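The structure appears right after this line, and notes come after that.
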Amino acid sequence: MSTLFLLALGSVLRTVLAQDTLPSQQSVTDYAPSVNVECPDFSTTSLIRVFSPQNQSLHPEEAAYVSSRQNTTIKAAWNDWLGDGSALGYNVSVFQQVFPKVGMAIPGGGLRAAQYGAACLNGLDARNGSAKAAGTGGLLQVASYLTGLSGGSWVTGSLFFNNWPTIPELVFGNGTLDGWKLDLPLVSPDGDDVFSTDNQYFYGSILWSVISKANTGIDTSITDPWARMISYHFLNQSSRQDFFTNSTAHGAGQLWSDIPQIPAFQQKLTPFPLIVADSRPANSNSTTALSPDPIVYEISPFEIASYDPNLSAGMNLTYAGTHLTNGKADNGSACVTGFDQAGFIMGSSASLFNQIFDFAHNTLQGFNSFGSSDSNTLVYVLQRQLRSPDTFEDSAATWLQLIDGSSNGENVPYGPLFVRSRELDVIVTIEGSADDPNNWPNGTGPLATQSRLSTLLLSSHQQFPPIPQTAADWIATGVRQRATFFGCNPQTPGEYPMVIYLPNAPPINGDNPVANTATFDLSYPTEHTQIFFNQVFTNTISGFTPNANTPDPNFGKCLQCAAIDRARSKVTPTVDRSSICSQCFDQYCYDPANPPSQSELPNRKLIFVDPTPEGLSKIEGFLGDNKFKLVGAVIGLIAFIALLCGGLFWWKKRRDKQMQYTQVRNFHDDDTEGLARKSMNRYQLSDDAVPS
């Protein structure tokens, strides 16, 4: 394998370093942040926002957006979805000022989770005629928040940076969009031959994106090439015609903080997006799963923040990457912008490498040579001492270390939705996790969140409603295999939100399942994706009929009952639950005193059956058939790209000893930007070396 790496490394280096110029517009080097940018006036503007668990506050722009939607777009969407309410036994006119606040969570799990999340959203989207007719289409339109983690963050980011299209257009393309192109493997899009011309151009472009960032003095990591690979599929600048060229930036330069400029966001058509990432404590060399204790972060279009009591602070996302002391830039008036690349945010939330790489001292060979101190896992965002040193674990660290948002066991991005100041009434779980050997969920994520909420976050977050207390109970009760409502009957209003749980599950009609694929499957034939979508969509709109293999014709009404239920206690006088909704709750609500049984779900097949066996990932052929082939696909090829990055820097340093790629941890040297510009002018790609 080392011989293969060296041969491929030399091939890519010859391809990249022989090239001279890049297009001036939409360049892959737009991935580089800008340094020495003029800072805002610190006498009137603070980049740090501090609050407390007892006196929480949302970012003013977030609060304004959510409030405005709640009183306009969302109110209209509720009326469109429920009509006058008579079908549910209610008079919706009495709920006009108290419609519940809804959030949706899409968990991690690679391309499986991304596809499940998208297909499930399709079944909840009023723009889909079949979903609308079933009564489920409309829940998406009344949602105030959408959270994503890992593969779920890919769906979230893709929806926004493609201007909120319909789900089929997003995934499969239309006349304007080219879709996700999941038949092109994430890390070797031209197939298993890493020496092919197109793969060489692909790797070369990715390397130049990472180099451009390194040249600014910003630390780089293995997350950077991973982020760039994700961007080719989920952002909006790559088509099949230009995938292997540099005629576009392939998502480079698209910033998470630019979401407020997206037309659909400006028109208030979208929920407010939040991406979740975990943090690994400074000086930790652990490559195992995290404990619940480390800080969990959320990234919005306006800030990166944590509502964990031990931090309770946020930083302006536009200037993330700027080193601050007492709220001011270390280098006087020089700030960093452009650090919040959309692909980088999505890649950070999906940066699994903390747990699948274990090289000596957590450092990849090659990366160590250009100064990234822990670059196989780390994503550097915030400066030290955001919050009081006696409670914030990283108060003495220069950089925060962000990794995959599920690293602490919370694979569902619930945290932001339980924050007390957001006051959510309903949380929809679009559960695409793979917790058991057959890649089905078994409650691991919800249980992890329930534990963290009840121990570490009592003062800052709402609590989880009653759920089965072990994975075995999730299996025995059958709630992991069908739509379930948790928290239907709180003892007091506002005790906890209603959690609508929509898990990836075997088809109710007994068909072979095609959606329980492995997290590390890195490509899908288009036919498989279509079958996957159809199966998940059908499950989403069908509910279940106890002791049968047929859909529930009333599930749309039952979903509406669950979504509107919290409004009953907010009006004066309160409204009794209707008989129609009571019948629905008898079937779908989890009652810990009278739990349901898996036996009510007959003939469900659990073992995955590949609908397109001829379309098995070509990556497996490259890595060989071995017992670690699923994990190996990611480890081998991402490590390969990492070695290429490291080798490129080593090769260039040997060729030209005057070129220095040192990672500057502050910007006291005003010549840094000029040096970076000089470096990029010397080593650049040329149009005539790129296939058209």
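Which of the residues that make up the range 539-562 are part of a helix (DSSP H, G or I) and in contact with an Asp or Glu (Cβ under 9 Å, 6 or more places away or on another chain)?
Ser542, Cys558
Hey, any hits in the range 235-254 for a residue that's within 22 Å of Val35 (Cβ to Cβ) and within 17 Å of the chain's Cα centre (by Cα)?
Yes, the conditions are met somewhere in the range 235-254.
Of the numbered conditions (1) over 25 Å from Val296 (Cβ atoms); (2) in contact with an Asp or Glu (Cβ under 9 Å, 6 or more places away or on another chain); (3) surrounded by fewer than 24 Cβ atoms within 10 Å (Cβ to Cβ), Ile167 satisfies every one except a single condition; which is it?
Ile167 satisfies all of (1) over 25 Å from Val296 (Cβ atoms); (2) in contact with an Asp or Glu (Cβ under 9 Å, 6 or more places away or on another chain); (3) surrounded by fewer than 24 Cβ atoms within 10 Å (Cβ to Cβ) except (3).
Taking only the range 163-192 into account, find how many residues are in a helix (DSSP H, G or I) and either modelled with pLDDT under 95 or within 18 Å of the chain's Cα centre (by Cα) (or both). If you could, list the steps in order and put the result at the bottom.
First pass over the range 163-192, keeping only residues in a helix (DSSP H, G or I): 167-172.
Within this subset, residues satisfying the condition of being either modelled with pLDDT under 95 or within 18 Å of the chain's Cα centre (by Cα) (or both) are 167, 170-171.
Of the residues in the range 163-192, 3 are in a helix (DSSP H, G or I) and either modelled with pLDDT under 95 or within 18 Å of the chain's Cα centre (by Cα) (or both).
Among Leu184, Leu149, which is the only one that is buried (at least 23 other Cβ atoms within 10 Å of the Cβ) and hydrophobic (A, V, I, L, M, F, W, C)?
None of the others qualify; the one that does is Leu149.
I need a count of the residues in the range 490-509 that are in a loop (DSSP other than H, G, I, E, B) and under 22 Å from Thr545 (Cα atoms).
6
Looking at the range 467-474, can you tell me whether even one residue there is under 22 Å from the mean Cα position of the chain (by Cα), crowded, with 21+ Cβ neighbours inside 10 Å and not aromatic (Phe, Trp, Tyr)?
no
With the condition kept exactly as written, say whether any residue in the range 15-36 is under 24 Å from the mean Cα position of the chain (by Cα), outside any helix (DSSP H, G or I) and either buried (at least 16 other Cβ atoms within 10 Å of the Cβ) or modelled with pLDDT under 90 (or both).
Checking the range 15-36: at least one residue is under 24 Å from the mean Cα position of the chain (by Cα), outside any helix (DSSP H, G or I) and either buried (at least 16 other Cβ atoms within 10 Å of the Cβ) or modelled with pLDDT under 90 (or both).
With (1) under 23 Å from the mean Cα position of the chain (by Cα); (2) farther than 25 Å from Phe585 by Cβ as the list, and Cys120 as the residue in question, which single condition is left unmet?
For Cys120, the failing item is (2).
Looking only at residues in the range 170-179 that are of a type outside the set (A, V, I, L, M) and free of Cβ contacts under 8 Å to residues at least 60 places away in the same chain, which one is surrounded by the most Cβ atoms within 10 Å (Cβ to Cβ)?
Gly179
Quick one: would you say Phe485 is at pLDDT 95 or above, closer than 26 Å to Phe172 by Cβ, within 28 Å of the chain's Cα centre (by Cα) and not in a loop (DSSP other than H, G, I, E, B)?
Numbers: at pLDDT 95 or above: yes; closer than 26 Å to Phe172 by Cβ: no; within 28 Å of the chain's Cα centre (by Cα): yes; not in a loop (DSSP other than H, G, I, E, B): yes.
So Phe485 fails the test.
Give the number of residues within the range 37-50 that are of a type outside the set (Asp, Glu) and surrounded by fewer than 17 Cβ atoms within 10 Å (Cβ to Cβ).
Matching residues across the range 37-50 total 7.
When both residues are 6+ apart or on different chains and their Cβ atoms are under 9 Å apart, which pairs have a first residue that lies in the range 315-338 and is assigned to a strand (DSSP E or B), and a second that is at pLDDT 80 or above and among the charged types (D, E, K, R)?
Partner pairs satisfying both residue conditions: Met315/Arg49; Met315/Glu303; Asn316/Arg49; Asn316/Glu303; Ala334/Glu38; Cys335/Glu38.
Within the range 451-460, can one find any residue that is free of Cβ contacts under 8 Å to residues at least 24 places away in the same chain, in a helix (DSSP H, G or I), surrounded by fewer than 22 Cβ atoms within 10 Å (Cβ to Cβ) and more than 20 Å from the chain's Cα centre (by Cα)?
Yes, the range 451-460 contains at least one residue that is free of Cβ contacts under 8 Å to residues at least 24 places away in the same chain, in a helix (DSSP H, G or I), surrounded by fewer than 22 Cβ atoms within 10 Å (Cβ to Cβ) and more than 20 Å from the chain's Cα centre (by Cα).
Determine whether Phe160 is within 23 Å of Ser130 (Cβ to Cβ) and modelled with pLDDT of 95 or more.
no
Looking at the range 512-534, I want the residues that are among the basic types (Lys, Arg) and have a partner that is surrounded by fewer than 22 Cβ atoms within 10 Å (Cβ to Cβ) and not in a helix (DSSP H, G or I) with Cβ atoms under 7 Å, at least 6 apart or on another chain. Which pairs are those?
Every condition considered, no pair remains.
Could you list all residues from the range 584-595 that are surrounded by 20 or more Cβ atoms within 10 Å (Cβ to Cβ) and either assigned to a loop (DSSP other than H, G, I, E, B) or modelled with pLDDT under 95 (or both)?
The answer is Tyr590, and nothing else.
Out of curiosity, is Ile211 farther than 19 Å from Met346 by Cα, in contact (Cβ under 8 Å) with a residue 60 or more places away in the chain and crowded, with 24+ Cβ neighbours inside 10 Å?
yes
Could you tell me whether any residue of the range 93-115 is at pLDDT 95 or above, among the polar types (S, T, N, Q) and crowded, with 20+ Cβ neighbours inside 10 Å?
Taking every residue of the range 93-115 in turn, at least one turns out to be at pLDDT 95 or above, among the polar types (S, T, N, Q) and crowded, with 20+ Cβ neighbours inside 10 Å.
If Val296 satisfies every condition in (1) at pLDDT 90 or above; (2) buried (at least 24 other Cβ atoms within 10 Å of the Cβ); (3) not polar (S, T, N, Q) but one, which is the exception?
Only one criterion in (1) at pLDDT 90 or above; (2) buried (at least 24 other Cβ atoms within 10 Å of the Cβ); (3) not polar (S, T, N, Q) is unmet by Val296, namely (1).
The values are calculated or read from the model by the stated rules, or taken from the named source; none is laboratory data. Small disclaimer: the values here were computed from a predicted structure and weren't measured. Note: ideal-geometry Cβ built from the backbone for every residue, glycine included; neighbour counts use all protein chains shown.
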